[in-house]
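The values are calculated or read from the model by the stated rules, or taken from the named source; none is laboratory data. Keep in mind the model is a prediction, meaning the values are calculated, not measured. Cβ coordinates were reconstructed from backbone atoms using ideal geometry, including for glycine residues, and neighbour counts include every protein chain displayed.
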Amino acid sequence: MIVAEKKPIEEIIELVKDSEKILIVGCNECVTVCEAGGKKEVGILASALRMYFMNQDKDAKIDEVTLERQCDHEYLEEIRGRIDQYDTILSLACGVGVQFMAEKYFSTPVFPGVNTCFLGAAEERGVWSERCQACGQCILGITAGICPISRCAKRLMNGPCGGSTQGKCEINKELDCAWQIIIDRLKELGRLDDYEKIMPIKDWSTDRAGGPRKVVREDVMI
Amino acid sequence: MKTKTPSKLEKILAAGHLAVTSECGPPRGSDPKAITDKAEMIKDHVDAINITDNQTSVTRLCSLAACIRLKTIGLEPVLQMVTRDRNRIALQSDILGAASFDINNILCLSGDHQQFGDSAKGQNVFDLDSMQLIQTIRYMRDEGKFLGGDEIKRPPRMFVGAAANPFADPFEIRVPRLAKKIAAGAEFIQTQCIYNLDKFELWMKQARDRGLHEKVYILAGLTPFKSAGMAKYMKNRVPGMDVPDDVVKRMSGVAKEKQAEEGIKICVESIHRLKELEGVKGFHIMAIEWEEKVPEIVEEGGLYPRPKLESHSRG
Amino acid sequence: MRLNYPSNIRIIRVPCTGKVDLIHILRAFEKGADGVYVVGCLEGDCRFSNGNLRARKRVEQAQQILNAIGIGGERVQMYNLSSGEGPRFAEFALEMTEKIKALGINPMKLAKMKKVA
């Protein structure tokens with residue numbers, strides 16, 4: 001899922017300090033799961049901002065709503081009826097939702113309330129780590145299910161480098177060396193001989209390098 | 001053995017001599033004297049001089065320019081090239097730039113992560129890794145084509161090298177990794193600096209068992225300790241480095257003023273021991289910021305004078 | 001025990017301090033509380049294993065937010081005691097009241113009062 005982190009409240013205050021009518025919009029999916037932008041977090045932020053404005057001796061209307069998602073037209077439409085009541089939207093969705101909101105409500109300022117971090121999984125409550133860089137050409141079948149692009153700091157296709165130390169990456173002792181894990185798994189699967197196969201030069205044109213990407217599925221378009 | 005390039009280093013190795021290479025780090029400025037002065041110190045004691053490429057991700061004068069500078073004073077450079085900072089266009093372009101000055105040796109590396117240097121907030125590239133860079137240069141040289149498929153006018157004629165680190169983890173794939181680099185096209189290897197001779201000999205034995213020592217020229221890397229502090233630093237703070245306790249003890253057991261001398265002694269002893277090791281075809285002496293000691297090490301190591309090649313050598 | 005403690009304290013009972021969420025603390029201040037304190041069992045003695053540890057984390061979060069918005073994080077505190085320690089409860093109540101008196105009225109209310117005036 002998309003993992004995000006709450007922006008520091010000082011930063012959010014800086015963004016909205018001159019607003020008078022704010023709608024804080026949460027999202028019920030990824031940002032709820034990583035406890036950054038769901039209904040709960042919307043409530044907390046709203047309460048904090050109300051107190052901020054009261055303390056500044058300012059009147060501010062601060063409302064809350066949490067949509068199922070902010071990356072689908074249908075859900076964003078749900079607030080069309082009330083959008084004119086606000087001078088600011090503070091979206092706690094990931095970068096995708098914030099942008100979709102801004103595109104849809106073109107004349108209302110939309111500000112982000114979270115920092116979108118990466119595609120990842122929950123290792124345990126409160127700890128999320130990156131697993132995928134959306135390169136567009138998944139090689140997990142060859143690398144025993146571990147991605148060197150998202151988990152190797154140098155995205156080496158033929159690792160490990162000479163800095164791998166006791167299974168950890170040279171840049172951080174807490175970071176697993178992806179290639180150590182790949183080797184361990186190849187061993188476990190009885191495929192250690194595959195290690196010597198040279199991975200060819202990657203086609204990065206389906207990655208960010210190729211430009212903003214799009215998927216079009218004629219078969220499901222109406 | 002036949003040579004495939006005009007490289008002097010290749011010729012020396014092909015003739016069966018133990019080769020000696022060393023390295024110079026370019027300056028953090030634009031003064032060419034900083035390179036030529038260092039090179040002058042060592043030029044009669046080595047067959048080729050490596051120029052490092054923004055080593056440890058610290059921005060320095062580029063390796064290519066420094067190599068060209070060496071060519072202008074009649075010396076044989078080894079262009080070190082990391083894939084951290086350049087995409088495939090720049091890599092191929094720089095290779096042609098080097099070839100245009102008849103720089104005939106290249107060492108292919110991935111490169112230390114930029115976190116270590118002065119640009120931790122910068123991007124890194126890694127369009128290719130070191131393995132793929134080796135393949136690329138061989139392709140450019142032997143097929144005469146760019147990666148994209150177009151013909152190269154006057155293809156590079158470079159002797160292609162790679163690094164090997166017998167001391168990084170996991171040990172069990174370090175020889176398979178050597179095999180992989182050979183399969184990718186590496187023709188010579190310079191290893192990470194050796195302090196754990198037992199481990200190195202084990203790695204070498206495993207390499208010999210697979211016949212790899214005959215497919216590639218392996219140059220043993222050595223770096224003399226300047227002090228016990230340096231030994232401890234390298235033991236504890238440098239990833240992929242193996243400094244055994246008894247070596248640190250040996251350095252610490254000597255008075256401070258005598259430690260530099262002890263470090264050189266250890267280095268020279270290693271040369272003598274490794275000369276006897278089957279598969280070692282030369283030495284890569286990395287005396288970082290201590291280049292003035294290279295002549296002494298080479299001489300004490302019994303590697304002086306360096307062989308002279310005839311200008312019409314067969315091969 | 002019928003011990004005395006200041007009468008300005010409004011007690012809200014919960015089955016475990018783990019039930020107290022960040023929003024409850026913030027709402028209390030929003031509605032005009034000058035201080036909030038959360039009293040839970042001794043760490044390690046929580047009947048529900050770690051409810052009081054969660055409460056502590058939430059109190060810390062509340063402190064951060066209150067500091068950032070200018071209300072003051074010292075106005076919320078976490079205390080731990082065992083249920084038999086009646087006198088300690090009264091002690092905490094006194095300590096908290098003194099602390100809040102020293103800090104003064106919730107600054108938000110000051111702003112409101114100025115407006116009315």
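For this structure, a couple of remarks:
- C:Asn80 passes every criterion in (1) out of contact with any Gly (no Cβ under 7 Å at 6 or more places or on another chain); (2) more than 19 Å from C:Arg27 (Cβ to Cβ); (3) of a type outside the set (Phe, Trp, Tyr) apart from (1).
- Considering residues of the range A:122-148 that are within 13 Å of chain B (Cβ to nearest Cβ) and touching a residue at least 40 places away in the same chain (Cβ under 8 Å) only, the residue farthest from B:Gln135 (Cα to Cα): A:Gln133
- Check on B:Ile182, within 14 Å of chain A (Cβ to nearest Cβ), farther than 16 Å from B:Met241 by Cα and at pLDDT 95 or above: yes
Yes/no per residue for (1) polar (S, T, N, Q); (2) within 13 Å of chain A (Cβ to nearest Cβ):
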position	(1), (2)
B:Glu76	no, no
B:Ser100	yes, no
B:Cys108	no, yes
B:Asn124	yes, yes
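- Any chance A:Asp18 is free of Cβ contacts under 8 Å to residues at least 24 places away in the same chain and either touching a Cys at 6+ places or on another chain (Cβ under 9 Å) or away from chain C (no Cβ under 11 Å) (or both): yes
- Screening the range A:196-209 for residues that are under 21 Å from A:Gln137 (Cβ atoms) and part of a helix (DSSP H, G or I) and picking the one that is nearest to the other protein chains (Cβ to nearest Cβ) gives A:Trp204.
- Within the range A:26-47, considering residues that are buried (at least 24 other Cβ atoms within 10 Å of the Cβ) and in a loop (DSSP other than H, G, I, E, B), the one nearest to the other protein chains (Cβ to nearest Cβ): A:Ala36
- A residue that is among the small types (Gly, Ala, Ser), within 21 Å of A:Cys135 (Cβ to Cβ) and more than 10 Å from chain B (Cβ to nearest Cβ) occurs somewhere in the range A:210-217.
- Contact annotation: residue pairs with Cβ atoms under 7 Å, 6 or more positions apart or on different chains, pairing a residue in the range B:58-77 that is in contact (Cβ under 8 Å) with a residue 24 or more places away in the chain with a partner that is of a type in the set (A, V, I, L, M) and part of a loop (DSSP other than H, G, I, E, B), are B:Cys67/B:Ile103; B:Lys71/B:Ile103; B:Pro77/B:Ile103.
- Checking each residue in the range B:128-161 for being without any contact (Cβ under 8 Å) to a residue 24 or more places away in the chain and either part of a strand (DSSP E or B) or of a type in the set (S, T, N, Q) (or both) picks out B:Lys145, B:Glu151.
- Per the conditions (1) of a type in the set (Gly, Ala, Ser); (2) surrounded by 15 or more Cβ atoms within 10 Å (Cβ to Cβ); (3) part of a helix (DSSP H, G or I), the sole criterion not satisfied by B:Gly229 is (2).
- Among the residues listed as A:Trp128, A:Trp179, the single one being surrounded by 15 or more Cβ atoms within 10 Å (Cβ to Cβ), assigned to a strand (DSSP E or B) and in contact with a Gly (Cβ under 8 Å, 6 or more places away or on another chain): A:Trp128
- Checklist (1) more than 10 Å from every other protein chain (Cβ to nearest Cβ); (2) in contact with a strand residue (DSSP E or B) (Cβ under 6 Å, 6 or more places away or on another chain); (3) surrounded by fewer than 23 Cβ atoms within 10 Å (Cβ to Cβ) applied to B:Ala162, failing item: (3)
- Residues within the range B:27-46 that are in contact with a Lys or Arg (Cβ under 6 Å, 6 or more places away or on another chain) and either more than 21 Å from B:Ala99 (Cα to Cα) or touching a residue at least 40 places away in the same chain (Cβ under 8 Å) (or both), tallied: 1
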